[in-house]
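The values are calculated or read from the model by the stated rules, or taken from the named source; none is laboratory data. What you see is a predicted model, and the numbers here were worked out from it, not measured in a lab. Note that each Cβ is placed from the backbone with ideal geometry, even for glycine, and that neighbours are counted across all protein chains shown. These area figures cover heavy atoms from the full protein model, side chains too; ligands, DNA and RNA do not enter into them. Shrake-Rupley method; radii C 1.70, N 1.55, O 1.52, S 1.80 Å.
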Amino acid sequence: MADFLIKRYMPEFRREWNDFVETSKNGTFLLNRDYMDYHSDRFPDCSLTIFRNGKLFALLPASASADVVCSHPGLTYGGLVVNRKATVEETMEIFTLVCSHFADEGFSTFIYKPVPHIYHRLPAEEDLYALFRAGATIKARNVSAVVCRDSRLPFRKIRIDGIRRALAAGVRVEESSDFAPFWNVLTNNLLSRYSTLPVHSLTEIEKLAARFPENIRLFTAMKEGCTLGGVLVYITPTVVHTQYISASQEGKSLGVIDLVMQTLLDRTFPSHRYFDFGTSNEKGGKFLNASLIYQKEGFGGRAVCYDTYETDLRKFSTLQTR
(Lines give C-alpha, C1' and ligand atoms only; values in the text may rest on other atoms or scores of the structure.)
Protein backbone atom coordinates (compact mmCIF):
# COMPACT_ATOMS: atom_id res chain seq x y z
CA MET A 1 0.00 0.00 0.00
CA ALA A 2 1.36 3.40 -0.99
CA ASP A 3 1.39 6.20 1.54
CA PHE A 4 -1.20 8.58 0.04
CA LEU A 5 -2.56 11.62 1.84
CA ILE A 6 -5.76 13.39 0.77
CA LYS A 7 -6.18 17.13 1.35
CA ARG A 8 -9.05 19.41 0.44
CA TYR A 9 -8.05 21.88 -2.26
CA MET A 10 -7.28 25.35 -0.93
CA PRO A 11 -6.58 28.52 -2.95
CA GLU A 12 -2.93 28.48 -1.85
CA PHE A 13 -2.55 25.25 -3.87
CA ARG A 14 -3.56 27.02 -7.10
CA ARG A 15 -0.14 27.29 -8.68
CA GLU A 16 0.86 23.75 -7.69
CA TRP A 17 -2.48 22.45 -9.01
CA ASN A 18 -2.09 24.22 -12.36
CA ASP A 19 1.51 23.10 -12.79
CA PHE A 20 0.48 19.51 -12.09
CA VAL A 21 -2.31 19.60 -14.68
CA GLU A 22 0.25 20.72 -17.29
CA THR A 23 2.54 17.75 -16.59
CA SER A 24 -0.11 15.08 -15.91
CA LYS A 25 -0.93 12.36 -18.41
CA ASN A 26 -4.61 13.27 -18.79
CA GLY A 27 -5.19 16.86 -17.68
CA THR A 28 -6.32 19.68 -20.01
CA PHE A 29 -6.71 23.43 -19.56
CA LEU A 30 -10.38 22.91 -18.57
CA LEU A 31 -9.01 21.52 -15.31
CA ASN A 32 -6.76 24.52 -14.73
CA ARG A 33 -8.07 26.53 -11.77
CA ASP A 34 -8.11 29.69 -13.93
CA TYR A 35 -10.71 27.98 -16.09
CA MET A 36 -12.55 25.95 -13.44
CA ASP A 37 -13.11 28.83 -11.08
CA TYR A 38 -14.89 31.14 -13.53
CA HIS A 39 -18.20 29.68 -12.30
CA SER A 40 -17.21 28.85 -8.73
CA ASP A 41 -20.22 30.84 -7.49
CA ARG A 42 -22.49 28.22 -9.10
CA PHE A 43 -20.49 25.13 -8.17
CA PRO A 44 -19.22 25.07 -4.56
CA ASP A 45 -15.77 23.54 -4.70
CA CYS A 46 -14.82 20.37 -2.85
CA SER A 47 -11.85 19.36 -5.01
CA LEU A 48 -9.15 17.11 -3.61
CA THR A 49 -5.37 16.98 -3.83
CA ILE A 50 -3.66 13.62 -3.29
CA PHE A 51 -0.07 13.61 -2.05
CA ARG A 52 2.48 10.83 -1.87
CA ASN A 53 5.61 11.27 0.22
CA GLY A 54 4.91 15.00 0.36
CA LYS A 55 4.57 15.41 -3.43
CA LEU A 56 1.42 15.97 -5.42
CA PHE A 57 0.46 12.71 -7.14
CA ALA A 58 -3.16 13.20 -8.28
CA LEU A 59 -5.99 15.73 -8.35
CA LEU A 60 -9.75 15.48 -8.33
CA PRO A 61 -11.84 18.49 -9.47
CA ALA A 62 -15.19 18.24 -7.70
CA SER A 63 -18.30 20.08 -6.58
CA ALA A 64 -21.16 18.94 -4.33
CA SER A 65 -24.86 19.48 -3.86
CA ALA A 66 -26.74 17.97 -0.91
CA ASP A 67 -25.39 14.40 -0.50
CA VAL A 68 -24.06 14.07 -4.06
CA VAL A 69 -20.49 14.88 -5.08
CA CYS A 70 -19.59 15.19 -8.76
CA SER A 71 -16.36 15.44 -10.73
CA HIS A 72 -17.31 17.89 -12.20
CA PRO A 73 -20.86 19.22 -12.81
CA GLY A 74 -19.68 22.45 -14.42
CA LEU A 75 -17.24 20.83 -16.83
CA THR A 76 -17.47 18.53 -19.84
CA TYR A 77 -15.28 16.04 -18.01
CA GLY A 78 -13.40 15.73 -14.73
CA GLY A 79 -12.22 12.65 -12.90
CA LEU A 80 -8.81 11.89 -11.47
CA VAL A 81 -5.90 13.77 -13.01
CA VAL A 82 -2.85 11.63 -12.37
CA ASN A 83 0.92 11.56 -12.36
CA ARG A 84 2.44 10.36 -15.64
CA LYS A 85 3.80 7.27 -13.86
CA ALA A 86 0.57 6.33 -12.06
CA THR A 87 -0.19 2.61 -12.25
CA VAL A 88 -3.43 0.64 -12.11
CA GLU A 89 -2.92 -0.45 -8.51
CA GLU A 90 -2.02 3.07 -7.39
CA THR A 91 -5.07 4.55 -9.10
CA MET A 92 -7.33 1.89 -7.60
CA GLU A 93 -5.99 2.71 -4.14
CA ILE A 94 -6.47 6.44 -4.70
CA PHE A 95 -10.03 5.91 -5.95
CA THR A 96 -10.89 3.86 -2.87
CA LEU A 97 -9.38 6.49 -0.57
CA VAL A 98 -11.30 9.26 -2.35
CA CYS A 99 -14.57 7.33 -2.01
CA SER A 100 -13.92 6.71 1.69
CA HIS A 101 -13.10 10.39 2.19
CA PHE A 102 -16.35 11.54 0.60
CA ALA A 103 -18.37 8.84 2.40
CA ASP A 104 -16.97 9.94 5.76
CA GLU A 105 -17.93 13.52 4.91
CA GLY A 106 -21.54 12.39 4.57
CA PHE A 107 -21.94 12.04 0.80
CA SER A 108 -23.91 9.04 -0.45
CA THR A 109 -23.35 9.26 -4.22
CA PHE A 110 -20.28 9.96 -6.35
CA ILE A 111 -20.86 11.09 -9.96
CA TYR A 112 -17.71 10.66 -12.00
CA LYS A 113 -17.03 12.06 -15.50
CA PRO A 114 -13.69 10.67 -16.75
CA VAL A 115 -11.54 12.49 -19.26
CA PRO A 116 -12.23 10.79 -22.64
CA HIS A 117 -9.26 8.83 -23.93
CA ILE A 118 -8.71 11.11 -26.93
CA TYR A 119 -7.52 13.84 -24.52
CA HIS A 120 -4.89 11.66 -22.84
CA ARG A 121 -1.25 12.44 -23.53
CA LEU A 122 -0.46 8.92 -22.30
CA PRO A 123 -2.88 6.01 -21.81
CA ALA A 124 -4.79 6.86 -18.61
CA GLU A 125 -7.82 4.61 -18.23
CA GLU A 126 -6.76 3.22 -14.87
CA ASP A 127 -9.72 5.06 -13.35
CA LEU A 128 -12.17 3.16 -15.58
CA TYR A 129 -10.90 -0.10 -14.13
CA ALA A 130 -11.13 1.34 -10.61
CA LEU A 131 -14.74 2.33 -11.31
CA PHE A 132 -15.52 -1.21 -12.47
CA ARG A 133 -13.96 -2.74 -9.38
CA ALA A 134 -15.92 -0.31 -7.20
CA GLY A 135 -19.21 -1.44 -8.74
CA ALA A 136 -19.90 1.86 -10.50
CA THR A 137 -22.66 1.98 -13.09
CA ILE A 138 -22.98 4.12 -16.22
CA LYS A 139 -25.39 6.94 -15.47
CA ALA A 140 -25.14 8.71 -18.83
CA ARG A 141 -23.48 8.12 -22.19
CA ASN A 142 -23.21 10.92 -24.74
CA VAL A 143 -21.74 10.32 -28.16
CA SER A 144 -19.41 12.66 -30.02
CA ALA A 145 -18.19 12.58 -33.61
CA VAL A 146 -14.38 12.61 -33.87
CA VAL A 147 -12.00 12.73 -36.81
CA CYS A 148 -8.83 10.69 -36.33
CA ARG A 149 -5.88 11.92 -38.36
CA ASP A 150 -4.37 8.44 -38.63
CA SER A 151 -7.33 7.14 -40.64
CA ARG A 152 -9.35 10.11 -41.80
CA LEU A 153 -12.53 9.59 -43.83
CA PRO A 154 -13.44 11.87 -46.75
CA PHE A 155 -16.17 14.51 -46.55
CA ARG A 156 -19.62 13.50 -47.74
CA LYS A 157 -20.84 15.06 -50.97
CA ILE A 158 -23.33 17.28 -49.10
CA ARG A 159 -20.46 18.88 -47.18
CA ILE A 160 -18.38 19.36 -50.34
CA ASP A 161 -21.37 21.02 -52.04
CA GLY A 162 -21.62 23.42 -49.08
CA ILE A 163 -17.96 24.35 -49.41
CA ARG A 164 -18.44 25.13 -53.09
CA ARG A 165 -21.48 27.34 -52.40
CA ALA A 166 -19.63 29.28 -49.73
CA LEU A 167 -16.60 29.85 -51.96
CA ALA A 168 -18.77 30.86 -54.92
CA ALA A 169 -20.51 33.43 -52.70
CA GLY A 170 -17.18 34.98 -51.68
CA VAL A 171 -17.23 33.77 -48.07
CA ARG A 172 -13.89 34.01 -46.25
CA VAL A 173 -12.81 32.25 -43.06
CA GLU A 174 -11.00 34.50 -40.59
CA GLU A 175 -9.77 34.12 -37.03
CA SER A 176 -11.40 36.76 -34.84
CA SER A 177 -10.90 38.19 -31.37
CA ASP A 178 -14.28 39.95 -31.55
CA PHE A 179 -16.68 37.44 -30.03
CA ALA A 180 -19.81 39.64 -29.98
CA PRO A 181 -21.03 39.19 -33.61
CA PHE A 182 -20.67 35.42 -33.45
CA TRP A 183 -22.31 35.31 -29.99
CA ASN A 184 -25.26 37.18 -31.45
CA VAL A 185 -25.65 34.54 -34.19
CA LEU A 186 -25.21 31.71 -31.66
CA THR A 187 -27.66 33.16 -29.13
CA ASN A 188 -30.34 33.82 -31.74
CA ASN A 189 -30.04 30.25 -33.01
CA LEU A 190 -30.27 28.66 -29.57
CA LEU A 191 -33.21 30.82 -28.53
CA SER A 192 -35.19 30.17 -31.71
CA ARG A 193 -34.53 26.42 -31.91
CA TYR A 194 -34.19 25.30 -28.28
CA SER A 195 -35.37 28.26 -26.13
CA THR A 196 -32.01 28.23 -24.37
CA LEU A 197 -28.81 30.26 -24.12
CA PRO A 198 -25.13 29.37 -24.60
CA VAL A 199 -23.53 27.72 -21.57
CA HIS A 200 -21.13 30.67 -21.40
CA SER A 201 -22.24 34.27 -21.51
CA LEU A 202 -20.38 36.62 -23.84
CA THR A 203 -18.59 38.17 -20.87
CA GLU A 204 -17.53 34.77 -19.55
CA ILE A 205 -16.16 33.51 -22.86
CA GLU A 206 -14.27 36.77 -23.42
CA LYS A 207 -12.65 36.45 -19.98
CA LEU A 208 -11.76 32.80 -20.55
CA ALA A 209 -10.32 33.51 -24.00
CA ALA A 210 -8.21 36.28 -22.50
CA ARG A 211 -6.87 33.83 -19.90
CA PHE A 212 -6.26 31.05 -22.45
CA PRO A 213 -5.59 32.74 -25.81
CA GLU A 214 -3.75 29.69 -27.19
CA ASN A 215 -6.52 27.30 -26.17
CA ILE A 216 -9.73 29.19 -26.98
CA ARG A 217 -9.96 30.54 -30.52
CA LEU A 218 -12.79 31.75 -32.75
CA PHE A 219 -12.97 31.29 -36.52
CA THR A 220 -15.72 33.11 -38.39
CA ALA A 221 -17.25 32.97 -41.87
CA MET A 222 -17.32 36.51 -43.27
CA LYS A 223 -19.02 38.04 -46.29
CA GLU A 224 -18.82 41.75 -47.04
CA GLY A 225 -17.90 42.50 -43.43
CA CYS A 226 -20.82 40.49 -42.00
CA THR A 227 -20.42 37.49 -39.69
CA LEU A 228 -22.51 34.66 -41.15
CA GLY A 229 -21.37 32.00 -38.72
CA GLY A 230 -18.38 30.47 -37.07
CA VAL A 231 -16.79 27.85 -34.85
CA LEU A 232 -15.27 28.38 -31.40
CA VAL A 233 -12.63 25.75 -30.69
CA TYR A 234 -10.99 24.51 -27.50
CA ILE A 235 -7.43 23.36 -28.22
CA THR A 236 -5.60 20.79 -26.09
CA PRO A 237 -2.35 18.92 -26.87
CA THR A 238 -4.12 16.06 -28.64
CA VAL A 239 -7.58 17.42 -29.57
CA VAL A 240 -9.20 20.35 -31.31
CA HIS A 241 -12.73 20.45 -29.89
CA THR A 242 -15.60 22.47 -31.39
CA GLN A 243 -17.18 24.07 -28.34
CA TYR A 244 -19.69 26.16 -30.31
CA ILE A 245 -20.85 25.88 -33.94
CA SER A 246 -23.45 28.25 -35.36
CA ALA A 247 -24.55 30.06 -38.54
CA SER A 248 -27.22 32.58 -39.48
CA GLN A 249 -29.99 31.63 -41.89
CA GLU A 250 -28.01 33.12 -44.77
CA GLY A 251 -24.90 31.37 -43.54
CA LYS A 252 -26.69 28.02 -43.48
CA SER A 253 -27.98 28.48 -47.02
CA LEU A 254 -24.44 29.24 -48.21
CA GLY A 255 -22.83 26.31 -46.40
CA VAL A 256 -20.45 28.48 -44.38
CA ILE A 257 -19.92 25.92 -41.61
CA ASP A 258 -18.73 23.42 -44.21
CA LEU A 259 -16.10 25.91 -45.34
CA VAL A 260 -15.01 26.73 -41.78
CA MET A 261 -14.62 23.04 -40.92
CA GLN A 262 -12.59 22.36 -44.06
CA THR A 263 -10.32 25.29 -43.20
CA LEU A 264 -9.78 24.11 -39.64
CA LEU A 265 -9.17 20.49 -40.56
CA ASP A 266 -6.98 21.03 -43.62
CA ARG A 267 -5.14 24.28 -42.93
CA THR A 268 -5.31 25.55 -39.37
CA PHE A 269 -4.90 22.37 -37.32
CA PRO A 270 -3.37 19.74 -39.62
CA SER A 271 -1.21 18.13 -36.93
CA HIS A 272 -3.60 17.51 -34.03
CA ARG A 273 -4.37 13.82 -33.74
CA TYR A 274 -8.10 14.28 -33.11
CA PHE A 275 -10.74 16.78 -34.19
CA ASP A 276 -13.74 16.45 -31.87
CA PHE A 277 -17.07 17.86 -33.08
CA GLY A 278 -18.71 17.44 -29.66
CA THR A 279 -21.69 15.46 -28.44
CA SER A 280 -25.13 15.41 -30.05
CA ASN A 281 -27.33 14.25 -27.19
CA GLU A 282 -29.87 15.29 -24.60
CA LYS A 283 -31.30 13.57 -21.52
CA GLY A 284 -28.05 11.89 -20.55
CA GLY A 285 -27.62 10.37 -23.98
CA LYS A 286 -31.07 8.81 -24.24
CA PHE A 287 -31.98 11.24 -27.02
CA LEU A 288 -29.78 11.47 -30.12
CA ASN A 289 -30.02 14.56 -32.32
CA ALA A 290 -29.82 12.59 -35.56
CA SER A 291 -29.57 15.57 -37.92
CA LEU A 292 -26.79 17.16 -35.86
CA ILE A 293 -24.62 14.07 -35.67
CA TYR A 294 -25.28 13.38 -39.37
CA GLN A 295 -23.76 16.78 -40.14
CA LYS A 296 -20.70 16.00 -38.00
CA GLU A 297 -20.29 12.53 -39.46
CA GLY A 298 -20.37 14.18 -42.89
CA PHE A 299 -16.93 15.64 -42.09
CA GLY A 300 -15.57 12.17 -41.36
CA GLY A 301 -16.32 12.07 -37.63
CA ARG A 302 -17.05 8.75 -35.93
CA ALA A 303 -18.19 7.88 -32.42
CA VAL A 304 -16.34 8.52 -29.19
CA CYS A 305 -18.37 8.25 -25.98
CA TYR A 306 -18.39 10.72 -23.11
CA ASP A 307 -19.49 8.61 -20.14
CA THR A 308 -20.73 9.49 -16.67
CA TYR A 309 -20.51 6.95 -13.84
CA GLU A 310 -22.32 6.68 -10.52
CA THR A 311 -20.87 5.06 -7.40
CA ASP A 312 -22.67 4.30 -4.13
CA LEU A 313 -20.40 5.75 -1.46
CA ARG A 314 -22.12 4.27 1.59
CA LYS A 315 -20.14 1.03 1.39
CA PHE A 316 -16.88 3.01 1.56
CA SER A 317 -17.51 4.67 4.92
CA THR A 318 -14.82 4.02 7.51
CA LEU A 319 -16.89 5.47 10.33
CA GLN A 320 -18.59 3.21 12.83
CA THR A 321 -21.71 5.35 12.84
CA ARG A 322 -23.16 7.60 10.14
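Each row is one residue, and each column tells you yes or no for (1) more than 21 Å from the chain's Cα centre (by Cα); (2) among the charged types (D, E, K, R); (3) within 20 Å of Leu75 (Cα to Cα); (4) open to solvent by 20 Å² or more (accessible area, probe 1.4 Å).
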| residue | (1), (2), (3), (4) |
| --- | --- |
| Arg267 | yes, yes, no, yes |
| Phe277 | no, no, yes, no |
| Leu288 | no, no, no, yes |
| Gly298 | yes, no, no, no |
| Tyr309 | no, no, yes, yes |
| Thr318 | yes, no, no, yes |
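Check off (1) out of contact with any Leu (no Cβ under 6 Å at 6 or more places or on another chain); (2) more than 29 Å from Val304 (Cβ to Cβ) for Ser248 and give me the number that stays unchecked.
(1)
Can you list the helices (runs of 4 or more DSSP H) lying wholly within region 152-215 that have 3 or more residues being touching a helix residue (DSSP H, G or I) at 6+ places or on another chain (Cβ under 7 Å) and touching a residue at least 60 places away in the same chain (Cβ under 8 Å)?
Details: elements: 157-168, 180-194, 202-211.
Answer list for region 152-215: 157-168, 202-211.
Identify, from the list Ile293, Ile245, the residue that is touching a helix residue (DSSP H, G or I) at 6+ places or on another chain (Cβ under 9 Å), of a type in the set (A, V, I, L, M) and modelled with pLDDT of 95 or more.
Going through Ile293, Ile245 in turn, the sole match is Ile245.
Taking region 189-206 as the region of interest, how many residues are within 23 Å of Glu250 (Cβ to Cβ) and either at pLDDT 90 or above or touching a Ser or Thr at 6+ places or on another chain (Cβ under 9 Å) (or both)?
8
Which pairs do you get when a residue that is over 20 Å from Thr187 (Cβ atoms), found in region 230-254, comes within reach of a residue that is in a loop (DSSP other than H, G, I, E, B) and among the acidic types (Asp, Glu), reach meaning Cβ atoms under 7 angstrom, with the pair 6+ apart or on two chains?
Ile235/Glu214
I'd like the full set of residues that are part of a helix (DSSP H, G or I), open to solvent by 40 Å² or more (accessible area, probe 1.4 Å) and within 14 Å of Ile6 (Cα to Cα), limited to region 91-127.
The answer is Thr96, Leu97, His101, Asp104.
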